[in-house]
Amino acid sequence: MAGGQGGGAVTPPAPGRDGAAAVPGLRRRSRVIDQGARYVVFGGAAFNVVLVVLVVAFLLQHAWPTISSIGLRNFFTSTDWQPDAGISFGVGMFGALAPIVGSFLVVALALLIAVPFAIAVAVFITDTNPIVGERFIRPAVEVFVGIPSVVYGYLGFITLLPLLRHIAPPGRDGSGVLAAGIVLAVMIVPTIATISADGLYSVPVTLREGSAALGATQWQTIRRVLLPAARPQIISGIVLGFARAMGEALAVALVIGDVNVIPNIAKEGIGALLQPFTTMTVTITDGVDKLAINPDGTAARYMLAVVLLFVTFVAIILVRLAARGRRGSRA
Amino acid sequence: MNRRLRRQNTIAIAVLRGMVGLLVVLLVWIVVQLVTSGWSELTRGGFYTKVPNIGGPGGGVGPQLYNTVYVLILSMLFALPIGLAGGIFFAEYAGTGRLTNLLRRASETLATLPSIVVGLFGYALFVQATHSHPSRLAAALSLTVINLPYVVRISEDALRALPPALREGSLALGATRWQTVSRVLLPAALPALITGAIIAAGRVFGEAAAILFTGSNFSLTAHANYTLNPLDAGDTLAVNLYVFRIQAEPNVVTDARAYADGVAALLVMAVLVFNVGARLLGRAAVRRLQRTA
């Protein structure tokens with residue numbers, strides 16, 4: 001700018017940051033632009049809030065018929081779900097307990113499978129084999145974060161279901177909670193692993209060295225020092241994996257069978273995991289072609305979306321609490 | 001005691017490595033399986049240009065591919081400027097007050113919204129409230145909701161990764177904050193921004209649930225072929241993979257399986273290309289900047 005060349009003056013510019021006073025017009029224009037830009041970038045950030053408010057408002061508005069006429073108690077406790085019966089008979093049933101149970105069951109199974117593997121990968125990358133881990137495993141795992149979830153579902157559909165058909169009771173096609181849990185587990189391992197690895201990296205080197213200097217074996221250091229120290233971030237990773245699995249629709253829809261009956265675990269035992277079932281997301285998805293012609297069923301599906309939204313919000317709060325725990329333990 | 005510990009150590013670490021090995025084998029198998037079973041489609045000339053011919057041989061996924069790219073570009077046109085502005089705000093303007101906190105939380109919340117929830121929202125706002133029908137525009141706007149928080153984060157990270165001396169030097173020379181951002185920081189962050197934008201585009205490429213509700217015509221055979229109208233509906237590749245299962249059981253309908261395998265392989269290849277491309281382009285941009293500097 002013009003002011004900067006003012007005779008190579010050694011004296012600092014006058015207070016009031018006015019080095020460019022030589023061209024007042026230009027200076028004023030750039031200040032107006034500067035102020036305008038401030039509003040524009042603020043608008044970009046504020047747009048996020050607008051969207052969140054819009055999402056919540058629209059979902060609640062469209063779910064309202066279910067809340068007001070079916071009632072939350074019926075919605076959350078009944079298993080009688082015939083949302084599309086209204087099209088032909090005039091009366092539908094909107095008890096959503098089965099898909100809600102299904103969602104939590106599938107996600108629990110997915111986490112049970114995924115978490116040990118994810119943590120193993122994280123420790124492998126950061127501690128036991130950092131060179132191979134950094135060069136090959138981490139980039140590979142990151143690629144898998146990017147593979148579309150529907151592709152995982154399709155692969156499960158063409159390879160996993162025929163496999164599970166062999167161990168399923170006769171007459172079943174292998175779809176169900178087990179298939180969905182496995183597909184989701186494969187899908188979320190990369191997510192949990194990368195976040196956990198970041199957590200392990202951020203453990204101060206002195207902790208590691210101190211533990212080794214005290215004579216601990218590598219495994220003792222990992223189990224008693226590193227994993228506890230990185231716990232908040234590992235929990236964040238697990239919760240984000242949980243949220244991803246909970247919200248996944250099409251991958252699950254391809255392998256779970258979409259039958260709205262809670263499997264009888266007491267009677268069927270492990271075989272119940274091979275019985276076609278459903279989740280909230282799958283139940284929402286199967287109404288996609290009747291959105292316009294079936295207002296009651298659509299409202300009930302919006303209500304399921306509200307439940308999903310609520311679960312996701314709780315997950316975010318948990319992540320934040322975990323992060324706070326980290327700050328607390330550092331202090 | 002000591003020997004016991006050492007043995008425990010050896011066993012635990014062997015188990016850990018074994019688990020990682022198992023997972024790596026699984027991941028490699030996934031890619032190999034998908035790419036090999038779709039390879040014959042990927043290498044067949046008409047696959048990328050012809051319209052599907054379900055139940056018979058020789059069709060392609062031309063309209064779906066076109067739709068995917070169309071919706072991708074349209075949604076990036078919305079998400080990039082807004083997200084970049086948001087990222088600039090968080091990196092360069094935001095304080096540490098309550099307002100900033102609220103904005104950050106909103107962005108995080110948006111990032112964790114399930115795709116299908118965004119799909120229902122998009123249907124309510126972009127289709128029902130506007131008294132229109134599922135369309136490419138509605139799909140692109142819904143994808144913008146999904147992608148915006150990522151673009152915000154990518155932009156913020158790219159700016160934050162710059163050495164503080166750049167910023168301070170520019171301000172010390174008397175530049176306004178916006179001059180600093182637009183003439184010093186953004187050009188310097190360009191490689192990281194390009195890389196980030198490509199990775200964001202890759203996410204959109206494979207997105208399905210939101211489009212199913214807002215832009216799909218839910219059919220394997222009805223297409224708005226290669227039109228430019230944003231109000232036309234049309235399936236994308238990822239949506240198609242789901243619709244296959246519903247409309248044409250891949251294990252029953254002749255050739256449907258081959259199509260679906262081809263689509264899955266194409267999606268995986270696209271992710272690999274996006275990933276590698278992002279890294280290469282980012283690196284090339286760094287080199288060019290260094291030459292001109």
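The values are calculated or read from the model by the stated rules, or taken from the named source; none is laboratory data. Predicted model, so just to flag it, every value in this text is computed and none were measured. Note: ideal-geometry Cβ built from the backbone for every residue, glycine included; neighbour counts use all protein chains shown. Accessible surface is based on the protein model in full, side chains and every heavy atom, while ligands, DNA and RNA are left aside. Shrake-Rupley method; radii C 1.70, N 1.55, O 1.52, S 1.80 Å.
Can you tell me which residue among A:ALA299, A:ALA305 is under 18 Å from A:PHE58 (Cβ atoms), touching a strand residue (DSSP E or B) at 6+ places or on another chain (Cβ under 9 Å), among the aliphatic types (A, V, I, L, M) and assigned by TED's automatic domain parsing to the domain that holds A:VAL150? First the steps, then the outcome.
On the way: A:ALA305 fails: touching a strand residue (DSSP E or B) at 6+ places or on another chain (Cβ under 9 Å).
The conditions single out A:ALA299.
Mind checking whether some residue in the stretch B:101-114 is closer than 16 Å to A:ALA57 by Cβ and in contact (Cβ under 8 Å) with a residue 24 or more places away in the chain?
Filtering the stretch B:101-114 for residues closer than 16 Å to A:ALA57 by Cβ gives B:106, B:109-110, B:113.
From what's left, in contact (Cβ under 8 Å) with a residue 24 or more places away in the chain: B:110, B:113.
Yes, some residue in the stretch B:101-114 is closer than 16 Å to A:ALA57 by Cβ and in contact (Cβ under 8 Å) with a residue 24 or more places away in the chain.
Here are some residues: B:LEU190, B:LEU148. Which one is assigned to a helix (DSSP H, G or I) and open to solvent by 20 Å² or more (accessible area, probe 1.4 Å)?
Working: B:LEU148 fails: open to solvent by 20 Å² or more (accessible area, probe 1.4 Å).
Exactly one of B:LEU190, B:LEU148 is assigned to a helix (DSSP H, G or I) and open to solvent by 20 Å² or more (accessible area, probe 1.4 Å), namely B:LEU190.
Name the residues in the stretch B:6-23 that are touching a helix residue (DSSP H, G or I) at 6+ places or on another chain (Cβ under 7 Å) and of a type in the set (A, V, I, L, M), would you? Please lay out each step first, then the result.
Filtering the stretch B:6-23 for residues touching a helix residue (DSSP H, G or I) at 6+ places or on another chain (Cβ under 7 Å) gives B:8-9, B:12-13, B:16-17, B:19-20, B:23.
Once the filter is applied, which keeps residues that are touching a helix residue (DSSP H, G or I) at 6+ places or on another chain (Cβ under 7 Å) and of a type in the set (A, V, I, L, M), the stretch B:6-23 yields B:ALA12, B:ILE13, B:LEU16, B:MET19, B:VAL20, B:LEU23.
Quick check, is B:GLY97 more than 23 Å from the chain's Cα centre (by Cα) and either within 14 Å of another protein chain (Cβ to nearest Cβ) or open to solvent by 20 Å² or more (accessible area, probe 1.4 Å) (or both)?
Numbers: more than 23 Å from the chain's Cα centre (by Cα): yes; either within 14 Å of another protein chain (Cβ to nearest Cβ) or open to solvent by 20 Å² or more (accessible area, probe 1.4 Å) (or both): yes.
It is true that B:GLY97 is more than 23 Å from the chain's Cα centre (by Cα) and either within 14 Å of another protein chain (Cβ to nearest Cβ) or open to solvent by 20 Å² or more (accessible area, probe 1.4 Å) (or both).
Name the single residue, out of those in the stretch B:151-168 being in a helix (DSSP H, G or I) and open to solvent by less than 30 Å² (accessible area, probe 1.4 Å), that is farthest from the other protein chains (Cβ to nearest Cβ). I'd like the intermediate steps shown before the answer.
Keep residues of the stretch B:151-168 that are in a helix (DSSP H, G or I), which gives B:151-160, B:164-168.
Still in the list and also open to solvent by less than 30 Å² (accessible area, probe 1.4 Å): B:151-152, B:155-156, B:158-159.
Details: B:VAL151: 10, B:VAL152: 7, B:SER155: 9, B:GLU156: 10, B:ALA158: 14, B:LEU159: 11 Å.
Checking each candidate, the answer is B:ALA158.
Kindly evaluate B:VAL25 against the criterion of being open to solvent by 70 Å² or more (accessible area, probe 1.4 Å) and at pLDDT 85 or above.
Values: open to solvent by 70 Å² or more (accessible area, probe 1.4 Å): yes; at pLDDT 85 or above: yes.
Answer is yes for this residue.
Out of the residues in the stretch A:106-153 that are buried (at least 19 other Cβ atoms within 10 Å of the Cβ) and among the charged types (D, E, K, R), which is farthest from A:GLU209 (Cα to Cα)?
The selected residue is A:ARG138.
Could you list all residues from the stretch B:45-55 that are open to solvent by 50 Å² or more (accessible area, probe 1.4 Å) and either free of Cβ contacts under 8 Å to residues at least 40 places away in the same chain or in contact with a strand residue (DSSP E or B) (Cβ under 7 Å, 6 or more places away or on another chain) (or both)?
B:GLY45, B:TYR48, B:THR49, B:LYS50, listed by residue number.
Criterion first (among the small types (Gly, Ala, Ser), under 24 Å from the mean Cα position of the chain (by Cα) and over 25 Å from A:ILE235 (Cα atoms)) does A:ALA96 satisfy it? Working first, answer last.
Working: among the small types (Gly, Ala, Ser): yes; under 24 Å from the mean Cα position of the chain (by Cα): yes; over 25 Å from A:ILE235 (Cα atoms): yes.
So A:ALA96 fits the description; yes.
Could you give every pair whose Cβ atoms fall below 8 Å, whose first residue belongs to the stretch A:234-261 and is outside the structural domain of A:MET280 (by TED's automatic domain parsing), and whose second residue is open to solvent by 20 Å² or more (accessible area, probe 1.4 Å) and in a helix (DSSP H, G or I), counting only separations of at least 6 or pairs across chains?
none
Please work out which residue is farthest from B:ALA238 (Cα to Cα), limiting yourself to the stretch B:26-67 and to residues that are part of a helix (DSSP H, G or I) and β-branched (Val, Ile, Thr). Write out each step before concluding.
Here is the first cut: in the stretch B:26-67, the ones part of a helix (DSSP H, G or I) are B:26-42, B:45-48, B:62-67.
Okay, now just the ones that are also β-branched (Val, Ile, Thr), so B:28, B:30-32, B:35-36.
Values: B:VAL28: 21, B:ILE30: 17, B:VAL31: 16, B:VAL32: 19, B:VAL35: 16, B:THR36: 19 Å.
Looking at residues that are part of a helix (DSSP H, G or I) and β-branched (Val, Ile, Thr), I get B:VAL28.
Just the residues that are touching a residue at least 60 places away in the same chain (Cβ under 8 Å) and facing another protein chain (nearest Cβ under 10 Å), please, taken from the stretch B:127-144.
Kept after step one, since they are touching a residue at least 60 places away in the same chain (Cβ under 8 Å), are these residues of the stretch B:127-144: B:127, B:132-144.
Of everything in the stretch B:127-144, those that are touching a residue at least 60 places away in the same chain (Cβ under 8 Å) and facing another protein chain (nearest Cβ under 10 Å) turn out to be B:VAL127, B:HIS133, B:PRO134, B:THR144.
Do you know which residues across the stretch B:56-76 are in contact with a helix residue (DSSP H, G or I) (Cβ under 8 Å, 6 or more places away or on another chain), open to solvent by 10 Å² or more (accessible area, probe 1.4 Å) and among the aliphatic types (A, V, I, L, M)?
Passing the criteria: B:LEU65, B:LEU72, B:LEU74, B:MET76.
Residues of the stretch A:278-297 being open to solvent by 10 Å² or more (accessible area, probe 1.4 Å) and part of a helix (DSSP H, G or I), which ones?
Passing the criteria: A:VAL288, A:ASP289, A:LYS290, A:PRO295, A:ASP296.
Quickly run through the stretch A:269-299 and pick out the residues that are more than 12 Å from chain B (Cβ to nearest Cβ) and in contact (Cβ under 8 Å) with a residue 40 or more places away in the chain.
So in the stretch A:269-299, the residues more than 12 Å from chain B (Cβ to nearest Cβ) come out as A:269-278, A:293-294, A:296-297.
Hits for the stretch A:269-299 are A:GLY271, A:ALA272, A:LEU273, A:LEU274, A:GLN275, A:PRO276, A:PHE277, A:THR278, A:ILE293, A:ASN294, A:ASP296, A:GLY297.
Here are B:ALA260, B:ALA264, B:ALA270, B:ALA238: which of them is more than 8 Å from chain A (Cβ to nearest Cβ) and either surrounded by fewer than 17 Cβ atoms within 10 Å (Cβ to Cβ) or at pLDDT 75 or above (or both)? I'd like the intermediate steps shown before the answer.
Numbers: B:ALA260 fails: more than 8 Å from chain A (Cβ to nearest Cβ); B:ALA264 fails: more than 8 Å from chain A (Cβ to nearest Cβ); B:ALA238 fails: more than 8 Å from chain A (Cβ to nearest Cβ).
One residue alone meets the criteria, B:ALA270.
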